[in-house]
Amino acid sequence: MFTSQAQSAYSTLQARAISATDSYIVDRLERALDEIIRNPRNTRPAPFQVRSAWANAGKVIDDRRKLAPQLSLDAPGMDDQTAIDGRYGSVEILDWLDRAFLSDNDRRLLHGLAAGADASVLADAEDVSVQRMRERISRARRTATRDYQASVTAA
């Protein structure tokens, strides 16, 4: 029933789901897996199917999160929930960052930036000058941008 490409895409997403701990990522993976199951005869390459299903799942979940406050304005604790939802953009970036082709140093540096650290904090942690840390940040961002653009154009 499944094409080998659809089966490979399903297996790839399922492997990600096994190690996922964040509820946003789990919801998104479940949506992406549902999309692969709905199209079992898809013959497109597995990486394309994974990327497409992942992107579509993100759109659905993001749209749902945008709509939820409008549907339940009187719900108790809604202010707290919207504050939490504001972090989901960074969850997606961190998820990509974990899979990007980066050196361990670049990955650690970019994780520090995503967590809110600035060049001076990172420089103190690594015992280098702020100017040197800014150079490292610039290189890490450049490398990450190239990898991200390559992954987008590969689709």
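Some notes on this structure:
- Exclusive hit being more than 21 Å from L94 (Cβ to Cβ) and either modelled with pLDDT under 85 or surrounded by fewer than 16 Cβ atoms within 10 Å (Cβ to Cβ) (or both), set S52, S11: S11
- Test result for A140, surrounded by 15 or more Cβ atoms within 10 Å (Cβ to Cβ), over 23 Å from W96 (Cβ atoms) and among the hydrophobic types (A, V, I, L, M, F, W, C): no
- Options R146, R132, R139: the member that is closer than 30 Å to A9 by Cα and either touching a Phe, Trp or Tyr at 6+ places or on another chain (Cβ under 8 Å) or of a type in the set (D, E, K, R) (or both): R146
- Subset of the range 110-124 (residues that are surrounded by fewer than 13 Cβ atoms within 10 Å (Cβ to Cβ) and either in contact (Cβ under 8 Å) with a residue 12 or more places away in the chain or closer than 20 Å to W54 by Cβ (or both)): S120
- D95, sole failed condition from (1) at pLDDT 80 or above; (2) buried (at least 16 other Cβ atoms within 10 Å of the Cβ): (1)
- Positions within the range 1-26 being within 16 Å of W96 (Cα to Cα) and either not in a helix (DSSP H, G or I) or not small (G, A, S) (or both), in sequence order: T12, L13, R16, A20, T21, D22, Y24, I25, V26
- Matching residues, the range 119-140, being of a type in the set (D, E, K, R) and under 17 Å from D106 (Cβ atoms): E126, R132, R134, E135, R136, R139
- If the condition is being part of a helix (DSSP H, G or I) and either surrounded by 14 or more Cβ atoms within 10 Å (Cβ to Cβ) or hydroxyl-bearing (S, T, Y) (or both), then the range 99-109 contributes D106, R107, R108, L109.
- Screening G89, G112 for residues that are modelled with pLDDT under 80 and assigned to a helix (DSSP H, G or I) leaves exactly one candidate, G89.
- Just one of (1) out of contact with any Leu (no Cβ under 8 Å at 6 or more places or on another chain); (2) at pLDDT 90 or above; (3) among the basic types (K, R) fails for R136. It is (1).
The values are calculated or read from the model by the stated rules, or taken from the named source; none is laboratory data. Values in this document were obtained by computation on a predicted structure and should not be read as measured data. Neighbour counts are summed over all protein chains in view; Cβ atoms, including those assigned to glycine, are modelled from backbone coordinates with ideal geometry.
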